[in-house]
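The block underneath contains the structure these notes are about, expressed in structure tokens.
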């Protein structure tokens with residue numbers, strides 16, 4: 001039953017997982033392999049944990065712990081994603097720009 005609920009909520013999301021991951025790979029293709037891998041891991045994490053509206057309610061500390069990455073590397077990835085207008089950060093949340 002839980003798998004059915006997850007599929008239903010994924011279909012109701014206002015964003016395309018494949019498109020987001022493709023854009024992420026494109027924007028990080030000029031970065032080091034490690035940074036590109038972390039960016040993709042973060043976006044997969046975001047997709048898994050974001051609300052149906054495309055908002056992630058997690059602190060940087062929680063994300064770095066969950067993904068086992070450094071604060072500095074995550075901040076670098078988040079800044080690049082913000083520059084490319086894939087995500088935005090406001091008042092402790094990370095949101096996805098609408099397609």
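The values are calculated or read from the model by the stated rules, or taken from the named source; none is laboratory data. Computed from a predicted structure; not experimentally measured. Note: ideal-geometry Cβ built from the backbone for every residue, glycine included; neighbour counts use all protein chains shown.
When the range 17-50 is filtered for residues that are loosely packed, with under 13 Cβ neighbours inside 10 Å and either assigned to a loop (DSSP other than H, G, I, E, B) or more than 10 Å from the chain's Cα centre (by Cα) (or both), the ones remaining, listed by number, are 18, 19, 22, 26, 29, 30, 32, 33, 34.
Looking only at residues of the range 52-84 that are out of contact with any helix residue (DSSP H, G or I) (no Cβ under 8 Å at 6 or more places or on another chain) and at pLDDT below 90, we find that the one that is surrounded by the fewest Cβ atoms within 10 Å (Cβ to Cβ) is 53. Of the residues making up the range 55-99, those that are part of a loop (DSSP other than H, G, I, E, B) and free of Cβ contacts under 8 Å to residues at least 60 places away in the same chain are 57, 58, 59, 68, 69, 70, 85, 91, 92, 97.
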